[in-house]
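Below: one structure, written as structure tokens.
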Amino acid sequence: MRRQLGARPTLRSHFWQSLANYAQQFFGLAIGVVLARLLHPEDFGVFAYASSLLVLAVLPANWSLGQDVLTASTNRRHVYREALAFAWKIVWIKALIITGLFSWFLWRREFPLAFTIALCGYPMAAQDLVGLMRICLEGEGNFKVNLYSALLTIGFSLTLGIPLALLGLGVYALALPAPVIWIAQLILYKKISGLSVWAVPMRSPLTTTISRGFVLWLSSAAEQALSRVDKIFLGHFGSTEALGNYNRAFNYAPLSHLVLNSLVANPTVSALGRCANNTARFRLIARSGAIVVGGSLLNFMVWWFFADPLVPWIFGSQWTEAIPLFRAFASLSFAYAVFYLPTTFLLNQRRYAVLAIVRLVGLCLMIGLLLLPENRGDAVRMAYAVQLSFLIMAAALSVAALWKK
């Protein structure tokens, strides 16, 4: 195996990223099950609502040149320093936005929500610094470090989250590990990469950075909004308990995607860059597609036919009301598979404008579907609306990927 991994960089990238995914997802699922038994759906609802508010609040400042670092064919560390110069500006802007959001809910005396926003928000604002080091290593084919990062995340979630839940701290058991995990990841990636985030970075022309970064920002902002807008709507029109059940199914139903997502993520983007021609690229996409689509069909059958006994057995009887949502999200892995397969190809081709336009149109479509009177506040109908939006975007992205074959 070591000889095979040494001789085949694409296989090596998938091996280490998949191992990191398996470790994080397996232990994450286990920790999540334990926390689900110790906490209440309302706690998870508050956490999901705070997380979604944070993501949407910082969307205007969610600019990053990380994708340029990943796909740089030469002089990657010079591109990293340029991206770092811009990232520091973004970190301060995000921190100001989060301070405003925290102050607003503090003034409204919604203390659990306010402090959850602070505990999760400031590490999230600074995550770009860690993310740039990670992306630089991934661009160089080093995905092994992601396994170490996953193990750190698991360790701190286990040693902090579960004792805090046993002490009855509710939503804080979910939020307090965030700053500790960020510090640990910063130390890890700095040590492995030899890069620094503290040194004064080189200055880059602002006009060049903005012109290159705008489309990347638009694409990333639309993608993050796609993953959060449904939670905002349900949290507003429904209840925190309904949102807790919804978020439980949204996170745990697409198990095959959690297991196989390295096949539709940065390892594949990096591998596509090493392919000799478009024929080899489409062959790699076809192999990845066969695996992820096959896994998604198996995932669908498990949750569609066996959600009734599995959900209360795994998570506890307090999650019985989430059963219809697990069944509704049984096909989410398939929607993800057909959406992210053409996305990886377009990312490798640096066709960011196509991704941005399709995601933005898809976001508008999703908002329109969620605002329909029959869907508003109905968690099951919202689950189907979200997946329909992803399938429509997948069709558009597939046409775009094939257009220049």
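Based on this model, can you work out whether residue 126 counts as closer than 18 Å to residue 179 by Cβ and either in the same structural domain as residue 214 (by TED's automatic domain parsing) or at pLDDT 80 or above (or both)? Explain how you work it out, then say what you get.
Values: closer than 18 Å to residue 179 by Cβ: yes; either in the same structural domain as residue 214 (by TED's automatic domain parsing) or at pLDDT 80 or above (or both): yes.
So residue 126 passes the test.
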- Among the residues of segment 390-400, is any aromatic (Phe, Trp, Tyr) and more than 21 Å from the chain's Cα centre (by Cα)? no
The helices (runs of 4 or more DSSP H) lying entirely within segment 223-308 that contain at least 1 residues which are polar (S, T, N, Q) and at pLDDT below 80 are 240-252, 266-273
The residue from 380, 354, 399 that alone is out of contact with any helix residue (DSSP H, G or I) (no Cβ under 8 Å at 6 or more places or on another chain), in a helix (DSSP H, G or I) and farther than 18 Å from residue 227 by Cβ is 399
| Is it true that residue 26 is modelled with pLDDT under 75 and either of a type in the set (Asp, Glu) or assigned to a helix (DSSP H, G or I) (or both)? | yes
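The values are calculated or read from the model by the stated rules, or taken from the named source; none is laboratory data. Note that the structure is predicted; figures quoted are calculated from it, not measured. Virtual Cβ from ideal backbone geometry, glycine too; neighbours counted across all protein chains shown.
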